[in-house]
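A short worksheet on the structure shown next.
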Amino acid sequence: MEDKHLPVKLIAVAAVLMLSSWLWPKLVGNRQAYSEDDAVNYQKASAELHDKIHAHHGHGHGAHSSGNGKLVEFSADAELQAAKDRFNEAVARRDSALTRGQTTGIVLQWLAILCAAGGVIVYVVQRNRNSEND
């Protein structure tokens, strides 16, 4: 037995899926995934990297005073690399928050398209069958 309302049901499901595909990234991404602390850490890492890059020009190694007054050798290259690593980690966290939910949204959009196409195909097939029977 044939469900005459199947095309309408498929198109309704497609509409719900499409709406969900637009809402899902907004519900799980952006502010929900990226706190103000993350933003502050990003700014600190950016500023630190900027300072290290400018301090690094022409300085491979140096010395600085430790808390007890002794000079401690340090490698500007190592400090610059550590600053780059902290900045890259902050960028990855930011980018992850911006794109969180996008993949699910895309999948929902494609499912909506398939459901809508299925609804149209079922409608055309049912219509052709009905016209043949008449």
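None of the figures in this text is laboratory data; all of them are computed from the coordinates on show. Remember, predicted model here, so these are calculated numbers, not experimental data.
Below is a table of values for the structure above.
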read-out	value
Whichever aspartates and glutamates have a C-alpha closer than 17 Å to that of LYS4, once near sequence neighbours (fewer than 8 apart) are set aside	GLU132, ASP134
Whichever lysines have a C-alpha closer than 29 Å to that of LYS84, once near sequence neighbours (fewer than 8 apart) are set aside	LYS44, LYS52, LYS70
In order through region 108-117: 3J(HN,Hα) via Karplus (6.51 cos²θ - 1.76 cosθ + 1.60), integer Hz, x for Gly, Pro	4, 5, 5, 5, 4, 4, 5, 5, 5, 4
